[in-house]
């Protein structure tokens, strides 16, 4: 048993439990810096970690009626084909130095986007409500599919974006949705997307299976612990720390 991996899973799980985000965006940098995986293997491993850790959350939100299935379906209509096409392109090109550069750049950009999404979370809804008049209802289905397409490419290249970035895009398109419905819909979309992308990376040999099990073993009690800590820790302070970590990780990856 790799106890460093268990501890890493525990840490990331606790942050997910406290903030609701930060799974992939912290796990991938950990896999790069602590376990010294190359970017492709770190991304593939994290995709499996994300899909399996979010599965129970998706089921729970669905049981409570928090998932807007029409929006989830529209997002998947864009994200799944985009993910398959992205992985197919990686198969065609192969794992080259250029491919690694693209993956590293995508990872850094996704980390920075996630940091911005988390940092300005409270500002997105007022802005989205102001912009709502410029987005007719008739255009929302097509824009939702386009948002899914963007997420499919981003997640397949970086393993990051299905959480905070996905929730922000949903909020911009549907600003009048309750927060619980945004979260539930976002998680319901993230599970199949990360699973499809993870399967694609597995066919490329980009998954460290020996690390995945101990990471998951640590994350389960970590999420429970984080959920308990939400009552005692100020969310603003936790989010500020998370954003700082994401910005630092994104900057290091890009440079």
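So what's region 1-103 giving for Cα Rg divided by 2.2 N^0.38 Å, two decimals?
Values: Rg = 16.1 Å, N = 103, 2.2 N^0.38 = 12.8 Å.
With N residues counted in region 1-103, Rg over 2.2 N^0.38 Å equals 1.26.
Using every pair of alpha-carbon atoms in region 3-254, split the distances into 10 Å bins beginning at 0 and state the percent of pairs per bin, rounded to integers.
Taking all Cα pairs of region 3-254, the binned fractions are 8, 33, 39, 18, 3, 0 percent.
With labels modelled as points extended 7 Å from the Cα through the Cβ direction, what inter-label distance (nm, one decimal) is found for residue 247 paired with residue 178?
Simple spin-label model gives 3.4 nm for this pair.
Rounded to whole Å, give me the distance from the Cα center of region 70-112 to that of region 189-234.
Rounded to whole Å, the Cα centres lie 19 Å apart.
Given points 7 Å out from each Cα along the Cα-Cβ axis, report the residue 225 to residue 89 separation in nanometres with one decimal.
About 4.0 nm, to one decimal.
Kindly rank 146-159, 211-224 from highest to lowest mean number of other beta carbons found within 10 Å of each residue.
Working: 146-159: 25.0, 211-224: 19.6.
Taking the mean over residues of other Cβ atoms within 10 Å, the ranking is 146-159, 211-224.
Where a number appears in this text, it was derived from the coordinates with a stated rule and is not lab data. Quick caveat: nothing in here was measured; it's all calculated off a predicted structure. As a convention, Cβ positions derive from the backbone with ideal geometry for all residues, glycine included, and neighbour counts pool all protein chains shown.
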